[in-house]
Amino acid sequence: MSSSAIYILDIKGKVLISRNYRGDIDMSVIEKFMPLLMEKEEEGLLTPILQTNECTFAYIKTNNLYIVSTTKKNANIALVFVFLHKIVQVMTEYFKELEEESIRDNFVVIYELLDELIDFGYPQTTDSKILQEYITQEGHKLEIQPRIPVAVTNAVSWRSEGIKYRKNEVFLDVIESVNLLANANGNVLRSEIVGAIKMRVYLSGMPELRLGLNDKVLFESTGRGKSKSVELEDVKFHQCVRLSRFEIDRTISFIPPDGEFELMSYRLNTHVKPLIWIESVIERHAHSRVEYMIKAKSQFKRRSTANNVEIVIPVPHDADSPKFKTSVGSVKYAPEQNAITWTIKSFPGGKEYLMRAHFGLPSVECEDTEGKPPIQVKFEIPYFTTSGIQVRYLKIIEKSGYQALPWVRYITQNGDYQLRTN
Amino acid sequence: MTDSKYFTTTKKGEIFELKSELNNDKKEKKKEAVKKVIASMTVGKDVSALFPDVVNCMQTDNLELKKLVYLYLMNYAKSQPDMAIMAVNTFVKDCEDPNPLIRALAVRTMGCIRVDKITEYLCEPLRKCLKDEDPYVRKTAAVCVAKLYDISSGLVEDQGFLEQLKELLSDSNPMVVANAVAALSEINESSPTGQLLVELSTSTINKLLTALNECTEWGQVFILDSLSNYTPRDDREAQSICERITPRLAHANAAVVLSAVKVLIKMMEILQGDVEFCNTLSKKLAPPLVTLLSSEPEVQYVALRNINLIVQKKPDILKHEMKVFFVKYNDPIYVKLEKLDIMIRLASQANIAQVLSELKEYATEVDVDFVRKAVRAIGRCAIKVEPSAERCVTTLLELIQTKVNYVVQEAIVVIKDIFRKYPNKYESIISTLCENLDTLDEPEARASMVWIIGEYAERIDNADELLDSFLEGFADENAQVQLQLLTAVVKLFLKRPQHTQSLVQHVLSLATQDSDNPDLRDRGFIYWRLLSTDPAAAKEVVLAEKPLISEETDLLEPTLLDELICHISSLASVYHKPPTAFVEGRSAGVRKTLPARQGSDEVSSSVATVIPNQESLIGDLLSMDLGGPTIPTPAPVTAPTSNVDLLGGVDVLLGSGPDLTGGAAPSTTGLLGDIFGITTTPTMYTPPKSLWLPADKGKGLEIQGTFSRRSGQIYMEMTLTNKAMQAMTGFAIQFNKNSFGLAPATPMNITALQPGQSLEYSLPINPSGPVQRMEPLMTLQVAIKNNVDVFYYACQIPIQVLFIEDGSLDKRVFLTTWRDIPSANEMQYNLNDIKGTTDSVSNKMTLSNIFTIAKRNVEGQDMLYQSLKLTNNIWVLLELKLTPGVSYATLSLKSRSVEVAPFIFQAYESICKN
């Protein structure tokens, strides 16, 4: 069991829409939610789970909305949170943006969705593509009654039958995000690569796909141990992938959903040289000024280029009169973020750039201490994967026997890329 | 065009207007009106007055309109039960609609209308829908059975819906199977008797495992959760379940992953015997757990709370993954705090350097709560990882140098614990601590500092000045600090009696006269009497060596931990409380426990069970209070003797004492006697005598007897009666070899027993004779001889006479021992008819040499941790769970020689009842 009721609240805690599923908790219990949330926040004990005498609230916050689930049983709380995020995802796919206005504008559809997504606290059909086939925003325009798509209860619950495209195409994007945490002494504490293979599928019928990667485990088991391969630490698949098949012979086989989706994600803990390394020297002269010397180094192959590099450097919130000096890119002061952003449109591998910044500080110091936010870096390197992962083949088999073209792109970008400062 | 326009009508007479629109003949108008009604309902207006008009719109071909009317019905049917009946016909009709969407909608909605009269009509349509040709309807009907059970469990059982539901477990459609299993699990959990209504059989499990590969992500969670309640028949089945579930660890949905982890850990418990299999499985668990930390923060939080449990249960799984728990700047605070907790649990000598540098980094952040916890964590690392204690202390000192007020205070609190753990090692830093005396404003930090000064009074030259400065504001201090000051000054006095008499007098008078805190006053009086009566004893008591502090703090108690492991991914696993603690009534369900292990006893369990060591327990360990626990069996207080002049000043105290208290105090020795429990006759429970040798078998000699233990000596207590016509002489006694090597310590010393005479005789017994295991274990065969003949009889030794006086284990030793003894050596027993409170029971036990090592209260239950030692040096560790006001209790026993268990249970039984 999971949810007794689901509420969507505005930022002040007013109920925008709600649905009672189990009728075991008085719906007015939601009035306690906001006061409790504020009380816990004040005490510094805020958690996404709040407890009252009558029930437990589990909530997430998105776009100034609270999505709240109540329960008075020992609910599967992991399921509740994943499901709440799923609601947001489905509604965003329906209304582009889930916000106060779109809820008012679509309350009839939202009621219908809430009825279909979950029954008596048990999540049911949550695939928005399939839902859109029988719960439509223009329902009143249809003369014929909608029917349930077979997919709802099919083993293949994510794809409808009878899809037709004139040109059968598949796009594969291999996107690797680099997470990095370095301390102020310049030591890398943690670095990992989180990769994702995203697909856009425009294929007719019910195609069977098989994806071949240079997976180390597979290569070793098939005696190709010497070829260049990648050890994927933890792989997560979209529900369309046959997990037991993968477990047996590492084959990634699936019938894809139509359109865009994330096929799989993986994680690697291999220690790679940080792609973009920042050295910072910060000289703080209390009551007068603070000076920054930032050196950015690109530590990847010369042939590659990082695009749209943004280096965000935190500055004291009472800093004033900014002065910058750099030979490359542009620097902007964003007082609302207490940071400066150094943007470099194109940053080739093996280069080193320098930027200096100067700020005035007030002679009277502010009482509250500030934290030490880290320097953050954003970047994108096309045609390049840090891990060396490669798509070896994508086989597409459909009973009508059409030929389809797979397109593959590689890109490496920043993930959680933080460098602590002194 | 958007729906928001429906919200805009706010004029007066709205209800009336809506009413007429609802009754409009035009379909479009009607639908618009219903939408307005729903819009009003959404914003919280009461539109129940329109009930009949809305229900009239129910019969429509328009699906959208129908859904809205159904929605309205669900909201208001309860407030208008009589009118709700009007809807029944349409419902029944809709359940037969050619469109499966409408059939399902009708049965789904009907189940949500919790009105008795409607429920009656639900049964027939539901029965049909459960057999519907369309799987969409069947899966909806399956959930509806659970709904009906919630309203009327009797109806579901009587109408045979349970059987129908069970049949759905074999349905060809995986979604139907998943919903059926979800409904069944819910019904099982809420069964009023706690008895499972539907048991899963092996063949059903196989069907579920097959459906697992094909159903939606949510369905997979339902199936996995129900599998976690299943106990396989044998190792092979457990293994095959594991193999079929492991692929789920690669699912993108975090809930699927956690539920799979739950099942796997439970199965591993069963498969302990197969070390290799378990190791492989353990290795597979780590990566998915780590990946959970890249999910949304709320999911991360749930994952971290669960990892906290898993790390306690199976420390090996994540021992190499320390780095993933490093805190990120933008983590929400609740994630940060949980990560910190896990970091400490994973800290070991191998990674301590990294951990410390991280913790130091955190200690300079801005969030006060987080910083405090980080500082505390450094202290915990020092206590946990012994070889790195020095580095931790250095780090703490560096932090003290920052002079950030709350950092300094927190550091001092943990340094006090470090001093306790490593006495005489780091005292050189005391001077640095003393420099920060003035900045301490929190009671805990002040108390800690005072404790340090008192404890090391002999090394701090100006200890008297420091304490004196605290005394100035004595009355304004927190009680914790006052108590500490009192003790510290007394310690100082005992260590450096010169020049500190006035100080101690001052503090004693502050405590006894000016304070109305009874604890403080009583402690003041005790010290006073002690100092005035026997300063040597005072020294022994006040400056007694303290038990060492324990390494691991706030581990969950093993039984609770096992239960929580069964609840992974549920709320209980986040609260770290059993469901009974927060779920009301019957829905709390049956208590879950891990299945018993099937492996052999010899398996060295890496998953050692750990005895609690929770805050309360640690609390009293750390308690700098002198009361109770820190007084090791005090030496009996002797009358004041020449010792008095050890301290010149005592006379003054002696003289002034009674005056100050107005002579109201009782005689000193009496008071002390009471305090230290030196009652005149502390006796162990002795069972009543039973007839050992009847007169007809003993040729006139009748023996009744029992065993007792007094002042560490075992006695065989006998009443010998001569029922013969002649005097009996020449008595001698001999024991056969027995399990505990009991033998008479002295020969029997009875000269003669005249006819008709009855004689009480106590025979001292030593446990140093020849040993031979008897069956039953406690049997003692005795031969007694007199001038008439030799007689044989057998008697049972009550095991409690074998409990020796030094059977009290140190808390730390207790913990490690409990951990080391394999759980196969654990036995459970239920005690009934217990009289008295926990404390009185505990006291009774102590008299029988069953020593209570710690006591804590968990959810209203008192847990007593006890130990005892038998004459042959067998240790027995016990956990006694009592619920105040209830006369039964649960006893868990662990011992390397588990054969003694039944006799120990007997002993408990008899001690508790008397």
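So the values come out like this:
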{"quantity": "Condition check for residue B:699: farther than 21 Å from residue B:873 by Cα, among the charged types (D, E, K, R) and in contact (Cβ under 8 Å) with a residue 24 or more places away in the chain", "calculated": "yes"}
{"quantity": "Test result for residue B:249, farther than 22 Å from residue A:179 by Cβ, at pLDDT 90 or above, within 14 Å of another protein chain (Cβ to nearest Cβ) and not in a loop (DSSP other than H, G, I, E, B)", "calculated": "no"}
{"quantity": "Test: residue in the range B:41-48 that is away from every other protein chain (no Cβ under 11 Å), closer than 19 Å to residue A:103 by Cα and crowded, with 22+ Cβ neighbours inside 10 Å", "calculated": "no"}
{"quantity": "For residue B:870: the one exception among (1) in contact with a Pro (Cβ under 9 Å, 6 or more places away or on another chain); (2) more than 22 Å from residue B:558 (Cβ to Cβ); (3) modelled with pLDDT under 85; (4) not polar (S, T, N, Q)", "calculated": "(3)"}
{"quantity": "Flag for residue A:65 being closer than 22 Å to residue B:300 by Cβ and away from chain B (no Cβ under 12 Å)", "calculated": "yes"}
{"quantity": "Residue satisfying condition, being surrounded by 17 or more Cβ atoms within 10 Å (Cβ to Cβ), in contact with a Lys or Arg (Cβ under 6 Å, 6 or more places away or on another chain) and among the aliphatic types (A, V, I, L, M), within set B:65, B:71", "calculated": "B:65"}
{"quantity": "Scope the range B:499-553; condition among the basic types (Lys, Arg) and either surrounded by fewer than 17 Cβ atoms within 10 Å (Cβ to Cβ) or under 30 Å from residue B:421 (Cβ atoms) (or both); matching residues", "calculated": "B:521, B:523, B:539, B:546"}
{"quantity": "Of all residues making up the range B:729-778, the number that are small (Gly, Ala, Ser) and under 22 Å from residue B:712 (Cα atoms)", "calculated": "7"}
{"quantity": "Strands (runs of 3 or more DSSP E) wholly inside the range A:303-422 that include at least 2 residues being within 14 Å of another protein chain (Cβ to nearest Cβ)", "calculated": "A:305-314, A:375-382, A:405-419"}
{"quantity": "Test: residue in the range A:163-171 that is more than 8 Å from chain B (Cβ to nearest Cβ) and buried (at least 21 other Cβ atoms within 10 Å of the Cβ)", "calculated": "no"}
{"quantity": "Residue pairs meeting the criteria (Cβ under 9 Å; at least 6 apart or on separate chains; first surrounded by 11 or more Cβ atoms within 10 Å (Cβ to Cβ), in the range B:9-24; second among the hydroxyl-bearing types (Ser, Thr, Tyr) and at pLDDT 80 or above)", "calculated": "B:9/B:40; B:14/B:40; B:15/B:40; B:18/B:40"}
{"quantity": "Subset of the range A:217-231 [of a type outside the set (S, T, N, Q) and either farther than 23 Å from residue B:289 by Cα or without any contact (Cβ under 8 Å) to a residue 40 or more places away in the chain (or both)]", "calculated": "A:217, A:218, A:219, A:220, A:223, A:224, A:225, A:226, A:228, A:231"}
{"quantity": "Failed criterion for residue B:549 (all others in (1) within 14 Å of chain A (Cβ to nearest Cβ); (2) touching a residue at least 60 places away in the same chain (Cβ under 8 Å); (3) touching a helix residue (DSSP H, G or I) at 6+ places or on another chain (Cβ under 7 Å) hold)", "calculated": "(1)"}
{"quantity": "Residues located in the range A:135-150, provided they are at the interface with chain B (Cβ under 7 Å from one of its Cβ atoms) and modelled with pLDDT of 85 or more", "calculated": "none"}
{"quantity": "Yes/no for residue B:77 being more than 14 Å from chain A (Cβ to nearest Cβ) and assigned to a helix (DSSP H, G or I)", "calculated": "no"}
{"quantity": "Residue check, residue B:209 crowded, with 19+ Cβ neighbours inside 10 Å, part of a helix (DSSP H, G or I) and within 14 Å of chain A (Cβ to nearest Cβ)", "calculated": "no"}
{"quantity": "Strands (runs of 3 or more DSSP E) contained in the range B:842-900 and holding at least 1 residues more than 30 Å from residue B:581 (Cβ to Cβ)", "calculated": "B:861-869, B:875-882, B:889-895"}
{"quantity": "Qualifying positions in the range B:252-296 - away from chain A (no Cβ under 14 Å) and without any contact (Cβ under 8 Å) to a residue 60 or more places away in the chain", "calculated": "B:267, B:268, B:276, B:277, B:278, B:279, B:282"}
{"quantity": "Hits in the range B:223-246 - residues which are over 17 Å from residue B:278 (Cα atoms) and either at the interface with chain A (Cβ under 7 Å from one of its Cβ atoms) or among the charged types (D, E, K, R) (or both)", "calculated": "B:225, B:233"}
{"quantity": "Tabulated pairs, the range B:356-384, first within 11 Å of chain A (Cβ to nearest Cβ) and in a helix (DSSP H, G or I), second of a type in the set (D, E, K, R) and surrounded by 24 or more Cβ atoms within 10 Å (Cβ to Cβ), C-beta under 8 angstrom, 6+ apart or interchain", "calculated": "B:371/B:410; B:372/B:410"}
{"quantity": "Close pairs (7 angstrom Cβ cut-off, 6 or more residues apart or separate chains): farther than 14 Å from residue B:168 by Cα in the range B:198-210, among the charged types (D, E, K, R) and at pLDDT 90 or above anywhere", "calculated": "B:202/B:237; B:209/B:244"}
{"quantity": "Which listed residue is modelled with pLDDT of 85 or more, aliphatic (A, V, I, L, M) and surrounded by 14 or more Cβ atoms within 10 Å (Cβ to Cβ), from B:799, B:821", "calculated": "B:799"}
{"quantity": "Subset of the range A:73-122 [crowded, with 23+ Cβ neighbours inside 10 Å and polar (S, T, N, Q)]", "calculated": "A:74, A:76"}
{"quantity": "Some residue of the range A:336-343 being over 24 Å from residue B:330 (Cβ atoms), of a type outside the set (Phe, Trp, Tyr) and either without any contact (Cβ under 8 Å) to a residue 24 or more places away in the chain or surrounded by 12 or more Cβ atoms within 10 Å (Cβ to Cβ) (or both)", "calculated": "no"}
{"quantity": "Residue list for the range A:81-94, restricted to those being facing chain B (nearest Cβ under 10 Å) and either touching a Gly at 6+ places or on another chain (Cβ under 9 Å) or at pLDDT below 95 (or both)", "calculated": "none"}
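To keep it simple, each residue is scored yes or no on (1) of a type in the set (Gly, Ala, Ser); (2) out of contact with any Lys or Arg (no Cβ under 8 Å at 6 or more places or on another chain); (3) in a helix (DSSP H, G or I); (4) free of Cβ contacts under 8 Å to residues at least 24 places away in the same chain.
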site: B:418; (1), (2), (3), (4): no, yes, yes, no
site: B:451; (1), (2), (3), (4): no, no, yes, no
site: B:460; (1), (2), (3), (4): no, yes, no, no
site: B:465; (1), (2), (3), (4): no, yes, yes, yes
site: B:493; (1), (2), (3), (4): no, yes, yes, no
site: B:507; (1), (2), (3), (4): no, yes, yes, no
site: B:520; (1), (2), (3), (4): no, yes, yes, no
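Conditions tested, residue by residue: (1) within 10 Å of chain B (Cβ to nearest Cβ); (2) within 30 Å of residue B:580 (Cβ to Cβ); (3) hydroxyl-bearing (Ser, Thr, Tyr).
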residue	(1), (2), (3)
A:30	no, yes, no
A:47	yes, yes, yes
A:59	yes, yes, yes
A:74	yes, yes, no
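The values are calculated or read from the model by the stated rules, or taken from the named source; none is laboratory data. Every value quoted in this text rests on a predicted model; they were computed, and no experiment measured them. So basically every Cβ, Gly included, is an ideal-geometry build from the backbone, and we count neighbours across all protein chains shown.
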